[in-house]
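Engineer: Below you will find the structure I want to go over with you.
The values are calculated or read from the model by the stated rules, or taken from the named source; none is laboratory data. Small disclaimer: the values here were computed from a predicted structure and weren't measured. Reconstructed Cβ throughout: ideal geometry from the backbone, glycine too, with neighbour counts over all protein chains shown. Side chains included, ligands, DNA and RNA excluded: accessible areas come from the protein's heavy atoms. Shrake-Rupley method; radii C 1.70, N 1.55, O 1.52, S 1.80 Å.
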Amino acid sequence: MIGNSWDLYLKEEYNKDYFKSIINSVNTEYKNNICYPPKNEIFNAFRLTPYENVKVVIIGQDPYHGEHQAEGLSFSVKNDVNRPPSLQNIFKELESDLGIKISNNNSLIPWAKEGVLLLNAVLTVEKNKPASHRSIGWEKFTDEVIKILNQKEEPVVFILWGNFAREKKKFITNNKHKVIESAHPSPFSAYNGFFGTRPFSKTNEYLKINGIKPINWQI
């Protein structure tokens, strides 16, 4: 399904009826409607960040629903499209926190390759219809992913932005891991508890304390 170590950890999920139902629904949706991300990029987060490489998890809701935006990574869009406001605010906080200048690039693939699992709770969406695939069953699958990561021996930092992501905190019970939570970076809430929270430096501090190489947040 994915082509790396995730297949070993997720093989039980692949064989469950609910997951087979998800795949059938996705195939139907992609056949009958315009959906995002491209079918071959649905599992990009897992392909770019194998299980053993995961140091950080940033949880998003569902993919961007505009044309050519989504690339299978939470908050990330392709470099040749307009930057969404939430991503712009993430970059503003990155500059404020670590002094990293705002990039001309949009794609967060460099973060994924550094060990940041950019996980959307719902992995697909119909064009121009946000949250349209929430009924498919993706959340059951991605909740299991979080539970699997919770069992990881090595410390992991979970970054939860906004109420939707914070709901996943109940699955993170291993005291080896660190949870960083705040308001969502969207324009509606960024000034009410996102800006100034310094999630990037806090993440790296925790990784270093635990003898783990910090994330290079440069895009």
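Engineer: Of the residues 203, 142, 28, which exhibits the maximal mean-square fluctuation in a Gaussian network model of the chain defined by a 10 Å Cα contact cut-off?
Structural biologist: With Cα springs under 10 Å in the chain, the top fluctuation among 203, 142, 28 is at 28.
Engineer: Efficiency by 1/(1 + (r/R0)^6): what FRET value for residue 34 and residue 210, r their Cβ-Cβ distance, R0 = 45 Å, to the nearest 0.05? Walk me through the numbers on the way to the answer.
Structural biologist: Values: r = 44 Å, r/R0 = 0.97.
Efficiency computed from Cβ-Cβ geometry: 0.55.
Engineer: In percent, what relative contact order does segment 75-168 have, based on Cα pairs under 8 Å that are 6 or more apart in sequence? Display every interim value, and only then the final one.
Structural biologist: Numbers: 52 pairs, mean separation 17.9, N = 94.
Relative CO of segment 75-168 lands at 19 percent.
Engineer: Taking DSSP loops as anything outside H, G, I, E and B, show the longest stretch in the chain free of GluC sites (Glu not before Pro) there with at most 16 other beta carbons within 10 Å. Present the calculation step by step, with values, prior to reporting the outcome.
Structural biologist: Values: sites that count: 67, 153.
No qualifying site falls inside 68-152, the longest such stretch.
Engineer: Still on this structure, I have one more. Can you tell me the length gained on complete extension of the stretch residue 68 to residue 14, counting 0.36 nm per residue apart and subtracting the Cα distance? Could you put the intermediate results ahead of the total?
Structural biologist: On the way: separation 54, 0.36 × 54 = 19.44 nm, distance 2.81 nm.
Going from the current span to full extension adds 16.6 nm.
Engineer: Also, I was wondering about something else. Cα centroid distance between segment 101-136 and segment 1-62, in Å?
Structural biologist: Computed from Cα coordinates, the inter-centre distance equals 12 Å.
Engineer: Moving on to the next point. Using helices alone, I'd like the mean residue ellipticity at 222 nm for the chain: each DSSP H run of four-plus residues gives -39500 (n - 2.57), total over residue count, nearest 500. Intermediate values should be presented prior to the final figure.
Structural biologist: On the way: 8 runs with 79 residues, N = 219.
So the calculated ellipticity at 222 nm is -10500 deg cm²/dmol.
Engineer: Give the aspartates and glutamates whose C-alpha is closer than 17 Å to that of residue 168, dropping any in the same chain fewer than 8 places away, or say none.
Structural biologist: 62, 139, 143, 144, 181
Engineer: Quick check: from the Cα gyration tensor, does segment 121-210 come out rounded (a/c under 1.5), prolate or oblate?
Structural biologist: Cα axes put segment 121-210 in the oblate bin.
Engineer: Have a look at 92, 170, 178 and tell me which one the Gaussian network model of the chain (Cα, springs below 10 Å) gives the largest fluctuation.
Structural biologist: Looking only at 92, 170, 178, the biggest GNM fluctuation is shown by 170.
Engineer: Carbon-plus-sulfur fraction of the accessible area of segment 24-124, 1.4 Å probe, in percent?
Structural biologist: Numbers: 1810 of 4070 Å².
Percent of accessible area from carbon and sulfur atoms in segment 24-124: 44.
Engineer: Leaving out ligands and nucleic acids, note down the accessible area per residue over segment 101-219 with a 1.4 angstrom probe, in whole Å².
Structural biologist: Values: 5520 Å² over 119 residues.
Here the per-residue accessible area is 46 Å².
Engineer: With springs only between Cα atoms under 10 Å apart, run a GNM on the chain and tell me which of 88, 151, 61 wobbles the most.
Structural biologist: Maximum fluctuation in the GNM of the chain, among the listed residues, is at 151.
Engineer: Given N residues in segment 174-219, what is Rg(Cα) / (2.2 N^0.38 Å)? Mind dumping the intermediate values first?
Structural biologist: Numbers: Rg = 12.6 Å, N = 46, 2.2 N^0.38 = 9.4 Å.
Ratio of Cα Rg to 2.2 N^0.38 Å: 1.34.
Engineer: How long is the chain along each principal axis, judged by its Cα atoms, biggest number first, in Å?
Structural biologist: 45, 39, 28
Engineer: Once you place label points 7 Å from the Cα toward the Cβ at residue 128 and residue 140, how far apart are they in nm?
Structural biologist: In this crude label model, residue 128 to residue 140 measures out at 3.2 nm.
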